[in-house]
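Since every read-out is calculated from the coordinates, none of them should be taken as a lab result. As the structure is a computational prediction, the values presented were derived from the model and not from experiment. All Cβ positions, even for glycine, are placed from backbone atoms using ideal geometry, and neighbour counts span all protein chains on display.
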């Protein structure tokens, strides 16, 4: 039978929906739709959109390469200090993005903890570059992938992996041929969430990579710049970002849930 909430809880729930929906409705109401076509066809907008796609996809690739093994480690290998590692892996989810950008500077800047050696040994300079924007976005987005994949790995039936190992498959082969296919829905959802978070990243990007058109000015940064000079154009771009983010969440169809202490795929 469907559960019924008390009237008071329903009222508060309705207020909660209104609280998160009204600002979005207000944004759509304020957008000068008659200018939307011109704004979206503008060269600066198209450049920022292209750069946003390039950087967000690059950040998602970085998150996948580093985050999936990290999730596997946290889910399957018990070790002392795992709680601290998990906290570090998810810290950027709650860390103010600007602080994340400052931390990236301290680590990867030209005089940073590691950046000084990247510069002197390999001539690699990340701040204020497109690659730096990717790194900043990956730093903020990777926890979404780690949390989602780790929870799926914890709930996976390990008997399939054990059976494959009994039949002589190596650990690497089991990981690629059994484990990853079994958690594919979680992996896809985690990648999409990480991509969406990277696409909308602002604070860490502008702090670590700057706001240079054609190089590091992604769509969120273009929104910020337009709101200072052309409010109407800024509202159009903000609405575009909102629609993309909403479409991503609707596309996942509620699959990123919380069950048993972690995010899982329904």
* Computed helical MRE - 222 nm, the chain, DSSP H runs ≥ 4 contributing -39500 (n - 2.57), nearest 500 -> -22500 deg cm²/dmol
* Using a Gaussian network model of the chain whose springs link C-alpha atoms within less than 10 Å, name the residue from 44, 21, 186 with the highest mean-square fluctuation. => 21
* To do: Output the peptides 55-62, 229-236, 154-161 sorted from most to least packed, where packing is the average of other Cβ atoms within 10 Å over each peptide's residues.
  => 55-62, 229-236, 154-161
* Packing-wise, with mean Cβ within 10 Å as the measure, how do 166-172, 96-102 rank, highest first? -> 96-102, 166-172
* **Theoretical gain in end-to-end length, residue 117 to residue 215 [0.36 nm per residue, Cα-Cα removed]** => 32.9 nm
* Peptide ranges 70-76, 133-139, 241-247 listed from the most packed, as the mean C-beta count within 10 angstrom indicates -> 133-139, 70-76, 241-247
* To do: With volume of the Cα convex hull per residue in Å³ defined as stated, name the option among (i) 137; (ii) 183; (iii) 147 computed from the structure displayed.
  => (ii)
* Let a ≥ b ≥ c be the square roots of the eigenvalues of the Cα gyration tensor of region 67-178; is it rounded (a/c under 1.5), or, if not, prolate (a/b larger than b/c) or oblate? -> prolate
* Would you mind pulling out the separation of the Cα centroids of region 1-77 and region 108-142, in Å? => 27
